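The values are calculated or read from the model by the stated rules, or taken from the named source; none is laboratory data. Remember, it's a predicted structure, so these values are computed and weren't measured experimentally. Cβ coordinates were reconstructed from backbone atoms using ideal geometry, including for glycine residues, and neighbour counts include every protein chain displayed. The accessibility values were calculated without ligands, DNA or RNA, using every heavy atom of the protein model including side chains. Shrake-Rupley method; radii C 1.70, N 1.55, O 1.52, S 1.80 Å.
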Amino acid sequence: MNAFSTFLNSMDWQGLFEFLMTMCAALLCLTVHELSHGLVAYKLGDPTAKNGGRLTLNPIKHIDIFGFAMMLVAGVGWAKAVPVDPRQFKNPKRDMALTALAGPISNFILALLVAGILSLLYSSQGLIETMIKFWGVDGLVLVLSFMASLVVMNVGLGIFNLFPIPPLDGSKVLFSVLPPKVYWAILRYERYVMGALILLLWLGVFDGPLHWLIDQGLYIVGMITRCPLFL
């Protein structure tokens with residue numbers, strides 16, 4: 001019993017809660033991203049995601065374990081791709097591009113919304129005092145940390161997915177202007193490029209340019225929302 005009490009007392013509870021907050025932020029970013037793909041595809045005439053139970057905010061339906069781990073470690077990752085059948089679209093190449101763009105755009109919108117709330121909190125002493133009254137200083141710090149992580153992860157996920165590298169969303173936008181034969185040929189080899197992309201991420205090849213782009217994205221979010229955390 002004494003050993004168990006010693007173990008509990010030695011736990012870094014603050015660090016544990018911060019890690020859990022980061023996990024929750026990552027789950028929310030990835031879930032919103034994939035749900036947006038599915039919703040736009042459905043609106044454009046493809047019910048594949050809906051029939052597969054992917055039009056849901058349940059993260060279990062969307063999470064890819066390795067992609068989720070990369071989200072926690074590297075700040076960028078991926079979820080289980082929402083199934084899309086381009087044959088259901090009236091204009092397959094255009095509608096595929098719109099479906100692909102829906103994911104990153106949803107992340108940018110969510111980042112702006114959360115940063116706007118943060119900006120409001122930082123500019124209102126009364127709100128801060130009320131939150132401290134109910135949650136305490138430590139609780140307030142955790143909430144603000146969660147919200148800040150949510151903004152950073154959404155911006156990072158949105159920017160990363162705009163890279164024109166298969167199978168990222170940016171590649172589907174780029175391929176929409178290619179001749180049909182080239183477009184479908186590239187789509188067939190997405191899975192192999194994905195393996196190379198994971199390796200490059202693991203080796204840190206994208207770290208420099210990606211972090212620079214994320215910093216610029218966060219600055220733009222800060223300019224739009226006037227949130228001091230990102231200026």
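General remarks:
- Estimated 222 nm signal from helices in the chain, with DSSP H stretches of n ≥ 4 weighted -39500 (n - 2.57), rounded to 500: -25000 deg cm²/dmol
- Shown for the chain: the carbon plus sulfur share of the solvent-accessible area, taken with all protein chains present and a 1.4 angstrom probe, equals 69%.
- For the chain, modelled as a GNM whose springs connect Cα atoms under 10 angstrom apart, the maximal fluctuation among 36, 106, 124 occurs at 124.
- Pairwise centroid distance, computed over Cα atoms, of the range 11-90 with the range 110-136, Å: 27
- Positive-end residue of 114, 145, 126, charge dipole of the range 76-147 with Cβ unit charges: 114
- Note: the range 127-179, Cα convex hull, 80 Å³ per residue.
- For the range 99-223: rounded, prolate or oblate by the Cα gyration tensor [a/c cutoff 1.5]: prolate
- Applying a length cut-off of 15 Å (Cα extent along the axis) and a mean Kyte-Doolittle floor of -1.0 to the DSSP H helices of the chain leaves 13-43, 92-123, 125-161, 190-203, 207-225.
- Contact order normalised by residue count of the chain, Cα under 8 Å, 6+ apart, percent: 21
- Proximal lysines to residue 61, defined as alpha-carbon separation beneath 21 angstrom and excluding residues fewer than eight positions away on the same chain: 43, 50, 80
- P(r) tail fraction, the range 41-121 - alpha-carbon pairs more than 21 Å apart, %: 42
- Residues residue 223 and residue 182, FRET efficiency given R0 of 35 Å [Cβ-Cβ distance, rounded to 0.05]: 0.35
- Most fluctuating residue given options 114, 193, 182, as computed from a GNM of the chain linking Cα atoms under 10 Å: 182
- Protection proxy ranking, peptides 169-176, 17-24, average beta carbon neighbours within 10 Å, highest first: 169-176, 17-24
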